[in-house]
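What follows is a short report on a single structure.
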Amino acid sequence: MSTPTDDSAESEIETGTKKLSDDSENSAKTASPAADSAPVTGGGPRQISLSVRSLAVGAALIVLAATTITFALLWAGARSEVSDRDDRAANEKRAEQIDLDYAVGAATTDYQKLDEWFTTLKKGTTPELAAKFDATSSSLKQILAPLGWKSTAEPITAVTKSVSDGVYKVDAFVNVSSTSTQAPSGATTTVTYSITIDSNRDWLITDVGGLQSIVPK
């Protein structure tokens, strides 16, 4: 049989126990939001690894782009150099052919067709040079006609000596076979024509040297 004192003590113990339980539950609820809001530490290393990989990919792309640009520039430069070299070679060949053709025409002479010869001499020349031929035509006729001069020419080769600002100086070599009253049996000699050609003036001949080599003295 319990006494009032014992009942009172048990009641106090139950009340204390219940309060302690309630306090524990409240503390757990209060701590839950803090736990929920705590950052997940497990994602940290993954984010760092992803950033490094992105930087590596970006650096590789930059290197690839720089390499591509460098290669493109080198290729364009090499192509331009080859194109320039081919253009120079083609222009020199053109000048040499002009010189060689002119030399053959100039060295082919017939004392009975001197007017045609002078026309050939002026072909492809500048007006200034053509005027010089007109000025010397009479004196040359007086030399060639009495001698009964005839000559034919065979091309040998032509060589570009120099090029400056589109002006070509070329030597053409031809074999000239000639007959005259002084040498009726004929003679053969190699004649050099030094010709200046200006590509800036539609590849016209501005000067001719070598005509004196085929004119008898």
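Of note:
- Charge dipole (the stretch 60-217, unit charges on Cβ, about Cα centre) - positive-most of Pro146, Ser164, Ala131: Pro146
- Among beta bridges that DSSP assigns inside the stretch 61-217, antiparallel share in %, nearest 5: 95
- In order through the stretch 153-161: 3J(HN,Hα) via Karplus (6.51 cos²θ - 1.76 cosθ + 1.60), integer Hz, x for Gly, Pro: 9, 10, x, 10, 6, 9, 9, 7, 8
- Here the stretch 63-134 exposes an accessible surface that is 58 percent carbon and sulfur, computed with a 1.4 Å probe and the other protein chains kept in place.
- Residues in the stretch 86-174 average 55 Å² of solvent-accessible surface per residue, probe 1.4 Å, ligands and nucleic acids excluded.
- Gained length - Ser54 relative to Ile156, 0.36 nm times residue gap less alpha-carbon distance: 29.7 nm
- With the highest mean first, a sort of the peptides 134-142, 98-106, 113-121, 79-87 on other beta-carbon atoms found within 10 angstrom per residue produces 98-106, 113-121, 134-142, 79-87.
The values are calculated or read from the model by the stated rules, or taken from the named source; none is laboratory data. Since the model is a prediction, treat every value here as computed from it, not as a measurement. Cβ: placed from backbone, ideal geometry, glycine included. Neighbour counts: every protein chain shown. Just the protein is used for accessible areas: all its heavy atoms, side chains included, with ligands, DNA and RNA removed. Shrake-Rupley method; radii C 1.70, N 1.55, O 1.52, S 1.80 Å.
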